[in-house]
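**Student:** Provided herewith is a single structure, encoded as structure tokens, for subsequent inquiry.
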Amino acid sequence: MRQTIFPKTTSLSLTEDQLRKIFMQFDVDHDSVLSRDEIKKAFDSLGAWFPGYRANCGINYADANRDGVVDLSELDDLVSYAHKLGYSIK
Ligand SMILES: [Ca+2]
Ligand SMILES: [Ca+2]
């Protein structure tokens with residue numbers, strides 16, 4: 001009997017594409033920039049245990065120009081940070 005390499009969980013991990021869409025949904029003021037508060041709400045919706053902490057870490061990771069917010073050119077890094085955490089569809 002061959003062992004399966006797939007994990008036993010039935011939940012699907014979110015792709016980077018899906019994560020990007022989720023983050024942009026939380027751009028509530030539609031300025032194409034994600035503030036710490038918007039990112040916190042996005043992590044909250046992803047089911048993060050400490051959304052405030054994740055928001056801080058995500059901004060630290062992605063905020064290349066150090067203005068404290070994540071713009072569209074930095075979004076890919078925020079998405080890859082969230083992707084590494086392995087959030088899945090609830
Ligand atoms: Ca915004
Ligand atoms: Ca920035």
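The values are calculated or read from the model by the stated rules, or taken from the named source; none is laboratory data. What you are looking at is a predicted structure, and each value in this text was computed from that prediction instead of being measured. No Cβ is skipped: glycine too gets one built from the backbone with ideal geometry, and neighbour counts run over all protein chains shown.
**Student:** Can you give me the ranges of the helices (runs of 4 or more DSSP H) entirely in the stretch 30-90 with at least 3 residues that are of a type in the set (G, A, S) and within 12 Å of ligand 2 (Cβ to nearest atom)?
**Tutor:** Output list is empty.
**Student:** Name the pairs: first residue in the stretch 79-90 and of a type outside the set (F, W, Y), second residue surrounded by 14 or more Cβ atoms within 10 Å (Cβ to Cβ) and at pLDDT 95 or above, Cβ to Cβ under 6 Å, at least 6 apart or on different chains?
**Tutor:** V79/L19; V79/R20; A82/L19; H83/L19
**Student:** For D71, are the conditions met, namely being without any contact (Cβ under 8 Å) to a residue 40 or more places away in the chain and within 10 Å of the chain's Cα centre (by Cα)?
**Tutor:** no
**Student:** For the stretch 19-29, what are the residues that are surrounded by 15 or more Cβ atoms within 10 Å (Cβ to Cβ) and in a helix (DSSP H, G or I)?
**Tutor:** The answer is L19, R20, I22, F23, M24.
**Student:** Also: Determine which single condition A55 fails, assuming it passes every other condition in (1) surrounded by 18 or more Cβ atoms within 10 Å (Cβ to Cβ); (2) more than 10 Å from ligand 1 (Cβ to nearest atom); (3) more than 11 Å from the chain's Cα centre (by Cα); (4) small (G, A, S).
**Tutor:** (3)
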